[in-house]
Amino acid sequence: MATGYREILTARHALRLLTGTLVGRLPNATAAIALVLFVRAEGGTYSLAGGLAAVYGVANAVGQPLLGRLVDLYGQPRVQLPAAVLAALGMTVFALSGTDPLPLAYAAVAASGLFTPPLEGGLRALWPSVLRREDQVHTAYAMDAIAQEIMYTVGPLLVTLCVSLWDERAALLVLNLLGVLGALSVVVSPPSRAWRSAPREAHWLGALRSPGLLALLAAFLFIGIALGSITVAAVSYADGHGGDAVYGWLMAGLGLGALAGGSVYGARRWAGSPERRLRVLVALLAVCYLPLVLTPGVVAMVLLSVVSGVFLAPCIACAFIIVDRHAPRGTVTEAFSWLVTTFTVGASVGTGLAGPVVQAGGTVWGFALPSVAGAVSLLVLLGTGRVLAAPARSGVVAASSENDPNRAVEPRFSSGDRA
């Protein structure tokens, strides 16, 4: 297992790109908790904190695909670094001005979310030009999904560390400075400077003109709903079984399961089409969510949360491959950014749905929602099987061409275009 990951991390520029991307994404990963803590320190209400976090999330969901399209058109350095600086400036204005005047606070937070650079999609566009072999790129996608789980676990700890060392305002400023430094590390690297998207057909829909991509996004909307709803149900469970500490253990168990599942998934080569494999993984994900409705004691519930997370990272890693296969020529960064946006929107919808469900039916029904959402995701994948079907291709990674399955078939991996 370690050999495959070692090959990737020892490849030239790979560790730098992965680390820079993770550091660059810290402001986004920690925005919700950092905003809540800062607003609370300023004497604001939780409603205000929730409203600001929601504005940030909506702006981020809008900005990611738009900035992704600009990256495909103009390259990574011209878009990623200016966007990171503007996002940091927006949060700096908010940190220095506080919550009064309120319109300025909302505008600054919205600007920060809107200009958050699409580093996530940019990294996935770079992997083929850095690693060359398709099987290594697939392993890198799995490692990327694992790294996300680690980042979303470590990020909140960094916020609390900054708060304990300094204060809530300093946490916002430091994390956004780190974000700019991370983006800078990526865009000055040779692979980022050399990468160019393939010539694209002018179309206002961009990546969304691919039926296969639309089918995948529809399925992942419900996976996002599953993940968003499970967090609310976990809060309800923790309220009756020990409070915040239990909630932390449940979320840690979910992350640990995803980490273990993603590690095993990325360590081996898989035969067959990724579209068919994703259907199996989503089915297993839905099944593993189902035992949570038993709501046993804390120890057993934590173990069930570990099991429920096992197939999350493999689903995400497999989806990365499918995005690359179905992204129209010249739209790969935008396509990956749409996946991020869809997943984020789904998680927000899941959070909104789970609240009334838990209120009306209790914790058990709250934990039933993730499994139902996973089953609906599977139905979407089954119903769009023909649309998702892609022609078989060889294992050659070409850095000079893309495949647009909606136009012409070429036996190459799509996102490796360079000048």
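The values are calculated or read from the model by the stated rules, or taken from the named source; none is laboratory data. The structure presented is a predicted model; accordingly, all values stated were derived computationally and were not measured. Here Cβ is always computed from backbone atoms with ideal geometry, including for glycine, and neighbour counts include all displayed protein chains. Note: accessible area is taken over every heavy atom of the protein model, side chains too, but ligands, DNA and RNA are not part of it. Shrake-Rupley method; radii C 1.70, N 1.55, O 1.52, S 1.80 Å.
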Q | Members of the stretch 58-112 that are crowded, with 21+ Cβ neighbours inside 10 Å and not hydrophobic (A, V, I, L, M, F, W, C) | A | ASN60, GLY63, GLN64, PRO65, GLY68, ARG69, ASP72, GLN76, GLN80, GLY90, SER112
Q | Residues within the stretch 288-302 that are over 13 Å from VAL246 (Cβ atoms) and either open to solvent by 10 Å² or more (accessible area, probe 1.4 Å) or of a type in the set (Ser, Thr, Tyr) (or both), tallied | A | 6
Q.
Give all pairs with beta carbons closer than 6 Å in which a residue from the stretch 222-248 that is of a type in the set (Ser, Thr, Tyr) meets a residue that is buried (at least 24 other Cβ atoms within 10 Å of the Cβ) and assigned to a helix (DSSP H, G or I); count only pairs at least 6 apart in sequence or on separate chains.
A. SER229/GLY350; SER229/ALA354; SER229/LEU369; SER229/PRO370; SER236/GLY366; TYR247/ALA234
Q) Out of the stretch 1-21, which residues are buried (at least 16 other Cβ atoms within 10 Å of the Cβ) and among the hydroxyl-bearing types (Ser, Thr, Tyr)? A) TYR5, THR21
Q) Taking the stretch 30-57 as the search range and keeping residues that are open to solvent by 30 Å² or more (accessible area, probe 1.4 Å) and touching a Phe, Trp or Tyr at 6+ places or on another chain (Cβ under 8 Å), which one is modelled with the highest pLDDT? A) VAL55
**Q.** Only one of GLY43, GLY63, GLY51 that is part of a loop (DSSP other than H, G, I, E, B), without any contact (Cβ under 8 Å) to a residue 60 or more places away in the chain, of a type outside the set (Val, Ile, Thr) and out of contact with any strand residue (DSSP E or B) (no Cβ under 6 Å at 6 or more places or on another chain)
**A.** GLY43
**Q.** Residue in the stretch 147-176 that is surrounded by the most Cβ atoms within 10 Å (Cβ to Cβ), counting only those that are of a type in the set (Asp, Glu) and at pLDDT 80 or above
**A.** GLU168
Q: Mind counting the residues in the stretch 345-374 that are aromatic (Phe, Trp, Tyr) and surrounded by fewer than 22 Cβ atoms within 10 Å (Cβ to Cβ)?
A: 1
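When you go through ALA11, ALA31, ALA95 one by one, which is the residue that is within 21 Å of the chain's Cα centre (by Cα) and either farther than 27 Å from TYR265 by Cβ or not charged (D, E, K, R) (or both)?
Step by step, each of ALA11, ALA31, ALA95 is checked, and only ALA31 is within 21 Å of the chain's Cα centre (by Cα) and either farther than 27 Å from TYR265 by Cβ or not charged (D, E, K, R) (or both).
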Q. Could we say that GLY24 is closer than 26 Å to LEU131 by Cα and buried (at least 22 other Cβ atoms within 10 Å of the Cβ) here?
A. yes
**Q.** Candidate set from the stretch 230-287 (those that are within 18 Å of LEU303 (Cβ to Cβ) and aromatic (Phe, Trp, Tyr)); member that is least open to solvent (accessible area, probe 1.4 Å)
**A.** TYR237
Q. Within the stretch 135-146, can one find any residue that is among the polar types (S, T, N, Q) and either over 15 Å from ARG6 (Cα atoms) or modelled with pLDDT of 95 or more (or both)?
A. no
Q. Failed condition for SER401, given (1) assigned to a loop (DSSP other than H, G, I, E, B); (2) at pLDDT 90 or above, with all others met?
A. (2)
Q: Under 7 Å between Cβ atoms, at least 6 apart or on separate chains: pull out the pairs that start in the stretch 117-142 with a residue that is without any contact (Cβ under 8 Å) to a residue 24 or more places away in the chain and end on any residue that is part of a helix (DSSP H, G or I).
A: none
(Q) If I filter the stretch 306-332 down to residues being open to solvent by 10 Å² or more (accessible area, probe 1.4 Å) and part of a loop (DSSP other than H, G, I, E, B), which single residue comes out as farthest from GLY75 (Cα to Cα)? (A) VAL310
Q.
Which count do you get for residues in the stretch 186-217 that are part of a helix (DSSP H, G or I) and open to solvent by less than 40 Å² (accessible area, probe 1.4 Å)?
A. 13
